[in-house]
Amino acid sequence: MLLDATGINVRYGRNHAVRDVDISLEKGEVVTVLGANGAGKSSLLKAISGTEKAEGSIIFEGEDIAGWSAPRRVQAGLVLVPEGRQIFVSLTVHENLLMGAYCRNDDVSAETEAIYERFPNLANRRHMPASVLSGGEQQMLAIGRAMLARPKLMMLDEPSLGLSPILVSQLFKLIKDLNQEGLTMILVEQNTNMALATASRGYVLELGAVVLSGPSSEMASDSRLEEAYLGG
């Protein structure tokens with residue numbers, strides 16, 4: 001087991017955003033977390049990444065990391081690609097990319113060039129401000145930045161948000177390619193059809209709690225999935 005998180009709770013004052021959630025991943029899996037806006041999906045990822053205070057047990061590669069800082073979790077290989085990409089538009093594309101290596105002290109030049117080979121649009125704009133990038137290019141930059149952290153588990157929070165259908169297809173092809181190369185991923189996504197077609201298993205959150213989980217092939221036809229989005 002790569003990740004085994006149990007009894008995860010996140011609270012914002014009186015708002016109980018994540019309620020006793022259990023989620024686990026085997027190495028090499030893609031698991032999706034689905035649910036309506038406000039269901040607690042992003043809060044769950046932030047709890048696992050250490051960017052949000054949470055209660056519960058988080059075992060990563062056999063170690064309890066619940067008390068670890070976010071940078072220490074990144075060093076261990078647990079990397080979040082946040083919702084909205086959070087690109088630094090005043091920095092160049094290359095400077096943004098190097099931010100992914102802030103927890104490393106070795107030479108990243110070869111890996112950086114490999115990322116540019118994967119994303120040629122970024123290579124052509126490497127010395128330009130990141131503000132010139134399209135939404136799709138910014139998402140590629142956010143993923144490339146995460147790759148430079150050498151993730152063992154990459155968590156993607158709403159990666160297709162705001163992208164055109166063509167770019168969404170390209171994005172999910174990239175996710176599948178990275179998974180085939182051995183990368184384990186948690187995918188939070190509003191595009192349920194694409195998410196379930198990409199992931200082997202899924203969890204559905206409603207009001208912060210898991211109301212449905214199982215193989216993607218079974219979840220796609222389960223009426224409880226639709227009910228979770230409609231508040232049924």
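The values are calculated or read from the model by the stated rules, or taken from the named source; none is laboratory data. Every value quoted in this text rests on a predicted model; they were computed, and no experiment measured them. In this analysis, Cβ positions are derived from the backbone assuming ideal geometry, glycine residues included, and neighbour counts consider all displayed protein chains.
Conditions tested, residue by residue: (1) more than 18 Å from residue 211 (Cα to Cα); (2) at pLDDT below 95; (3) in contact with a strand residue (DSSP E or B) (Cβ under 7 Å, 6 or more places away or on another chain); (4) of a type in the set (Phe, Trp, Tyr).
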position	(1), (2), (3), (4)
20	no, no, yes, no
24	no, no, yes, no
30	yes, no, yes, no
35	no, yes, yes, no
46	yes, no, no, no
50	yes, no, no, no
57	yes, no, yes, no
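Evaluated against (1) more than 25 Å from residue 74 (Cβ to Cβ); (2) among the aliphatic types (A, V, I, L, M); (3) crowded, with 17+ Cβ neighbours inside 10 Å, residue 197 falls short on exactly one condition, (3). Of the set (1) closer than 25 Å to residue 220 by Cα; (2) basic (Lys, Arg); (3) over 17 Å from the mean Cα position of the chain (by Cα), all apply to residue 27 but (3).
Regarding region 86-93, can at least one residue be identified that is modelled with pLDDT of 95 or more, assigned to a loop (DSSP other than H, G, I, E, B) and farther than 17 Å from residue 154 by Cβ? Checking region 86-93: at least one residue is modelled with pLDDT of 95 or more, assigned to a loop (DSSP other than H, G, I, E, B) and farther than 17 Å from residue 154 by Cβ. Candidates are the residues of region 209-229 that are within 13 Å of residue 23 (Cβ to Cβ) and in contact (Cβ under 8 Å) with a residue 60 or more places away in the chain; the one that is surrounded by the most Cβ atoms within 10 Å (Cβ to Cβ) is 210.
In this structure, residue 85 qualifies as touching a helix residue (DSSP H, G or I) at 6+ places or on another chain (Cβ under 9 Å) and either surrounded by 21 or more Cβ atoms within 10 Å (Cβ to Cβ) or not aromatic (Phe, Trp, Tyr) (or both). Within the span defined as region 170-181, every residue fails to be in contact with a Leu (Cβ under 8 Å, 6 or more places away or on another chain) and not hydrophobic (A, V, I, L, M, F, W, C). Here region 107-137 is the region considered, the condition is being of a type in the set (Ser, Thr, Tyr) and free of Cβ contacts under 8 Å to residues at least 40 places away in the same chain, and the residue that is surrounded by the most Cβ atoms within 10 Å (Cβ to Cβ) is 112.
Every listed requirement among (1) buried (at least 16 other Cβ atoms within 10 Å of the Cβ); (2) free of Cβ contacts under 8 Å to residues at least 60 places away in the same chain; (3) farther than 15 Å from residue 79 by Cα; (4) in contact with a helix residue (DSSP H, G or I) (Cβ under 7 Å, 6 or more places away or on another chain) is met by residue 148 save one, (3).
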